[in-house]
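Presented below is the structure to which this report refers.
The values are calculated or read from the model by the stated rules, or taken from the named source; none is laboratory data. It should be emphasised that the depicted structure is a prediction, and the values quoted were computed from it without experimental measurement. Note that each Cβ is placed from the backbone with ideal geometry, even for glycine, and that neighbours are counted across all protein chains shown. Keep in mind that these areas ignore ligands, DNA and RNA; they rest on the heavy atoms of the full protein, side chains included. Shrake-Rupley method; radii C 1.70, N 1.55, O 1.52, S 1.80 Å.
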Amino acid sequence: MYKKSVFFSLVFLAVFSFNTVWSQQKRPNLIVILADDLGYADLGCFGSEIPTPNLDKLAAHGIRLTNFYNTARCCPTRAALLTGVYPHQAGIGHMMEDKGPEHPAYRGHLNNNTVTIGELLQTAGYFTAMTGKWHVGQQAGVVPWKRGFDRSLNAPAGGFYYKESERVQLFLNGEELANDSDRLPANWYTTDLWTDFGLKFIDEALKEQKPFLLYLAHNAPHFPLQAPEEEIARFRGKYKEGWAKLREARYNRQLELGLIDSSWKLPPINPKVPDWDHLSEADKKKYDDIMAIYAAVITHLDKSIGDLVSGLKERGVFDNTVILFVSDNGGNAEPGAEARYEGTSPGSAQSTVFLGQGWAEAACTPFWAYKHHTHEGGIASPAIVSWPKGIPSSLNGSFDRQAAHIVDILATLVDLAGAQYPETFQGNTIIPAVGTSLKPILRGKPLQRKQPIFWEHEGNRAIVDGEWKLVAEKSENWQLYNLTTDRTELHNLVKEHPQQAARLVNLYDKWYHQVKAESYDKDVKWFYDYEKAKAEASAKE
């Protein structure tokens, strides 16, 4: 009898073990790809003339999220993506400067009252890896290998593409590498490097027979814009008509795609952007070259994503891998209309090139404003989700127009992985996650969002609740827009709907104090009051 009991116990354990392994294998692999400073209109499938065939193909066989939002800036977006809470709650309400313990929302690094996607999925049995730009507090000891990632190749803050750059800092699983380490390819370029090591880490996950999470955080197309010369040459001379005409062309293409509604009219161009026709031929040549470099950086980003997809297919795991692609903020207008074009060979490793405000107008089409700002141009991200095995073919190539936000990524990964979000972790009380799972979108169903979405960055602020958006830059009064009929924010309805505005102001004020946000005492010189800009542009017409 005892022997029979032992026998049946062993059989049960074997079956249970098999079923557990089988269920883990059936859970999807998860890849989150974050671009850096990519504008809403910079991909072909979002209206760009820049060739991005690999991302376009993911969109054609997946879903485009047309109303996906970031936090308007790089570090806060990364903090929100990793932790599923607002950046102020995670300790990164601005950038990397630490204002001290009396300012908990501005410590410049992730705090211990958050849990990362790596930590959550690691405890759920996933093999976790990250490659790319970290930028959430490595200077304070917050590093990927201590925050839940089994493998990592990371740059603390980015700012380089080639090994010849003076800013190179690379860490492989916690060990700093020399620029020319024999563990790196001979002539590496970061956009390829992050993908190459991502696939190496995936190989380790497959060897361990675990589902995997890869957080692939690109530094492209962030300045200093650099790309191979032969790739830049493809685009030279193609931008001689200027930013205003490029913006109009992208807007018309977005209409043709069905990406935007025809009721959304193109906002006036920022009055601080110079008239292209009044520029000298030398300036036109310079700006054409800047945009050519930018286009080359983006096409190379697209190529690397194609390499990633090919690698997944070769390994037989593409069909059951969820890929979510987003950007960390809107297009970058820094340092202003003058842009930056430095070095004997702009676009090379020895140069410094910034896109500038004129081309940022086109990058953020059809919206107003850019990175830093909470009008749509600063916070709207191109977003694509692919999952061949999980998204019904009837949804291939479709648009989902529900509001989604970077804080939703953690909730989505937890949902897809069958993980549990904890109340405590490693002895610390954990702030409740604020995001909403986007999993229903993958079935064509409505989201179960229970709270509005909030923003604060450098005094720029906003709240989105259903079709309504309340927004103001630091120097502005509150403006109210209906996003269904006027997502380009042309018709301020604050006077027509004062009760709606007051309701949203009240909600915003409560959130502002809850996350311990603080006032900001600086202004960005190249921004312009929206209401004043609209009036000036109308007067010119």
How big is the convex hull of the Cα atoms of the chain, per residue, in Å³?
164
Using the membrane-span-like helix rule (whole DSSP H runs, Cα extent along the own axis of at least 18 Å, mean Kyte-Doolittle hydropathy at least -1.0), which helices of the chain qualify?
2-26, 190-207, 281-314
1.4 Å probe accessible area per residue over region 375-512, in Å²
42
For ASP400, the residues 5 or more places away or on another chain with a placed amide H closer than 5 Å to its own amide H are ARG64, LEU65, THR66
Going through LYS99/LYS474; LYS133/LYS516; LYS371/LYS445; LYS284/LYS371; LYS445/LYS516; LYS240/LYS272 one by one, the pairs whose alpha carbons sit over 29 Å apart turn out to be LYS371/LYS445; LYS445/LYS516
If packing is taken as the average number of other Cβ atoms within 10 Å across a peptide's residues, how do 39-48, 262-271, 442-451 rank, most packed first?
39-48, 262-271, 442-451
Using a 1.4 Å probe, how large is the accessible area of SER386, given in Å² and rounded to the nearest 10?
0
Using helices alone, I'd like the mean residue ellipticity at 222 nm for the chain: each DSSP H run of four-plus residues gives -39500 (n - 2.57), total over residue count, nearest 500.
-10000 deg cm²/dmol
Just to make sure I understand: if all protein chains stay in place, what is the order of THR429, THR116 by accessible area at 1.4 Å, largest first?
THR429, THR116
Mean separation of Cα contacts under 8 Å, 6 or more apart, over the residue count of the chain: relative contact order %:
23
For region 102-238 the mean separation of alpha carbon contacts under 8 Å (6+ apart) over residue count, i.e. relative contact order in percent, is 26
